[in-house]
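Derivation of every value follows stated rules applied to the coordinates shown; laboratory data play no part. These figures come from a predicted structure and were not determined experimentally. Every residue, glycine as well, gets a Cβ built from its backbone with ideal geometry; the counts of neighbours run over all protein chains shown.
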Amino acid sequence: MDEREVMGVIESILFVAGDPISAKEIGQILEMDVRNVRKLMKKMIDCFHFERRGLQIVMANDTYQLATRPEYSNYIEKYIGQDRAQSLSQASLETLAIVAYRQPVTKADVESVRGVKCDYIINMLVNRGLIQEVARMNTPGRPILYGTTDLFLRSFGLTSLNELPPLEAE
Amino acid sequence: MSYVVKLDQFEGPLDLLLHLISKAKVKIEDVSITEITEQYLEMLHLMEKFDIEIASEFLVMAATLLHIKSCILVPRVKPELEEDDEADPKQELITRLLEYKKYKEAASRLKEREAYFSGMYYKLPEEIVTKDTEDVLTLDTSIALLQDALCKLLQTRPGSRVRTPLIHEIKRDPITVNEKVNYLKDYFTRNSRISFFGIFEDIHDREEIIVTFLALLELLSNNFIEVKQDIPFGDIVMKRRVSNG
């Protein structure tokens, strides 16, 4: 197989998978080194962008997934005949921001920064799959430590946490 | 003439304070606690007037502000002690406000990103029927085989009838609970330890199973026997309770 064919195979696997799949998985299927997979994926991502394809490959935390290009969303919504689902509230975004920048973080930490109770919002963010329990703190009560998920990265167009826009002070 | 005042929804006391500070057009560091406290309390009164429920967090902040204000007004009695005791409450509040503001700004940047990237649509995984997900049926299955299987199944339950008669005959209970109780009393006297499962092993009649079970409950409630189960779902060992006299 030449490179174009390998890329074709990966594209078709991504289509069938629907869900994100890891570089490791792709490497196992194609009997390729993970590093080469990553290199090839980068090339594919660039290629999809360059050709302004309707689909793009979304990378988040070493996983890859097919998605439509956000630039074309207006037309998709016209087709669906519906506006997009309601976005997150200000309170949820604040909470999410605190978890994203400070993770791993306990609910108490989030509450002390925001100055209000956050039980409901944290549960909602967990249910929406944007944050998750990552560990337990080794203090009395063993409080849950929260962190963001891969879905969070994809939802905000980030490939890794390093891409979070810097927190600006004043 | 009535008019409507639109109050912004504040995400908490810190949010409200930030709003007041930005309205006063001063830097957070240079804020005058005296002025801001007044405005803050005014705002709470306004909220009360408009029947907006004030969360307890807002009241805690009001108390904090008043505390800071009083600290500023009242000269310190023991200044050197104060320093060790606790950090300057005003400085503490300013640090909190600055910290909160950072995340509030980060949240608005996230909001922009979300608005853009929520325009991506994903696809559900393909639903693929594989050999594993197919029902386990061999190709040479026939009606005869199924019938065979059914008959075998019915035969394994002795006493069960293939056909239910349309007319039911109401019979007297072959054994009454009382009879069974007496029988079991005798049985428990002769045998020291009896397995719960074992007692039902030889009983195939449904009514008799029920009667036996009821009889056992009866004996248990009369303190005639005691039962013990070592592991959950394990066998229950029953034995006659040794009477104390």
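Remarks
- Distance between region B:166-214 and region A:60-121 - C-alpha centres, whole angstrom: 64
- Across chain A, C-alpha contacts under 8 Å between residues 6 or more apart give a mean separation that, scaled by the residue count, equals a relative contact order of 17 percent.
- Surrounding net charge for A:LEU145, when Lys and Arg each add one and Asp and Glu each subtract one, Cβ distance under 15 Å: +1
- B:THR130/A:THR159 FRET efficiency (R0 30 Å; Cβ-Cβ; nearest 0.05): 0.40
- Averaged over peptide A:159-167, the number of partner chain Cβ atoms lying within 10 Å of each residue's Cβ comes to 2.
- Loop-located trypsin sites (Lys or Arg not before Pro) in region A:71-107 (DSSP state not H, G, I, E or B) with no more than 15 neighbouring Cβ atoms inside 10 Å: A:ARG84.
- CD proxy at 222 nm, helix term only [per DSSP H run n ≥ 4: -39500 (n - 2.57); per residue of chain A; nearest 500]: -14500 deg cm²/dmol
- Remark: mean inter-chain Cβ contacts per residue of A:107-116 equal 5, using a 10 Å Cβ-Cβ cutoff to other protein chain atoms.
- Based on the convex hull around the alpha carbon atoms, region B:191-245 presents an average projected area of 4.4 nm².
- When the GluC sites (Glu not before Pro) in region A:1-104 are filtered for DSSP coil states and for at most 16 other beta-carbon atoms within 10 Å of their beta-carbon, the remaining sites are A:GLU31, A:GLU51.
- Among residues other than B:ILE68 with Cβ under 10 Å from its Cβ, the summed charge is 0 (Lys and Arg +1, Asp and Glu -1).
- FRET efficiency for the pair A:PHE15 and B:SER108, taken as 1/(1 + (r/R0)^6) with r the Cβ-Cβ distance and R0 = 25 Å, rounds to 0.10.
- Here is the size of region A:3-72 from its Cα atoms: Rg then Dmax, 11.2, 35 Å.
- Residues B:THR189, A:THR68, arranged from fewest to most other Cβ atoms within 10 angstrom of their Cβ, appear as B:THR189, A:THR68.
- Of the three principal axes defined by the Cα atoms of region A:88-163, the extents in descending order read 37, 24, 21 Å.
- Across all directions, the average projected area of the convex hull around the alpha carbons of the protein assembly as shown is 46.5 nm².
- A:ARG38/B:ILE54 FRET efficiency (R0 51 Å; Cβ-Cβ; nearest 0.05): 0.45
- Per the Kirkwood formula applied to alpha carbons, chain A shows a radius of gyration over Rh ratio, Rg over Rh, of 1.04.
- What you get for the protein assembly as shown, charging only the Cβ of Lys and Arg (+1) and of Asp and Glu (-1), is a dipole of about 860 debye around the Cα centre.
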